[in-house]
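Comments concern the structure below.
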């Protein structure tokens, strides 16, 4: 029987764990679990000491250049001591990994894990801290140009509307 084409697959957590273990030289005790599927899939990895987040980008969702721009921005925020999850280089100094999934090439990035708990209702102090962090991000990136799609009224409303017509 001929295999049916795939537009989106869920990659094996076990296979990803082995792949990442090799690329980043982790210990034998690395554990990988699927956390969430969506436009990108998120896996949590942990060894005996540290937890990580692995993003698996959907096929053709972002170009390699767009992902590199995201990495550049996150590194800028991290280097300026802003509280962000940041990308981690592999044993060869690369941030982006590629895998050949059934639907085609998918990119992967390993990130530091952002510790914390889900907060259902925000109090004034938490809102103030979030606002302060957002202001610092805004001030730091005010004149930064990112070479990827800009989300605005045209890209989010007008172009999709024209496409649907």
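The values are calculated or read from the model by the stated rules, or taken from the named source; none is laboratory data. On a predicted model such as this, the values are computed, not experimentally measured, just so you know. Here the Cβ positions follow ideal geometry from the backbone for every residue, glycine too, while neighbour counts run over all protein chains shown.
Odds and ends about this structure:
- Evaluated against (1) within 18 Å of residue 87 (Cβ to Cβ); (2) modelled with pLDDT of 95 or more, residue 13 falls short on exactly one condition, (1).
- Number of residues in the stretch 53-98 that are in contact with a helix residue (DSSP H, G or I) (Cβ under 9 Å, 6 or more places away or on another chain), farther than 14 Å from residue 111 by Cβ and surrounded by 14 or more Cβ atoms within 10 Å (Cβ to Cβ): the value is 3.
- Qualifying residue in the stretch 60-69 (condition: more than 20 Å from the chain's Cα centre (by Cα) and in a loop (DSSP other than H, G, I, E, B)): no
- The residues of the stretch 1-17 that are in contact with a strand residue (DSSP E or B) (Cβ under 8 Å, 6 or more places away or on another chain) and surrounded by 12 or more Cβ atoms within 10 Å (Cβ to Cβ), listed by number, are 9, 11, 13, 16, 17.
- Residue 156 in contact with a helix residue (DSSP H, G or I) (Cβ under 9 Å, 6 or more places away or on another chain) and at pLDDT 85 or above: no
- Selection of the stretch 105-129 for residues being surrounded by 11 or more Cβ atoms within 10 Å (Cβ to Cβ) and not in a loop (DSSP other than H, G, I, E, B) yields 105, 106, 107, 108, 109, 110, 111, 112, 126, 128, 129.
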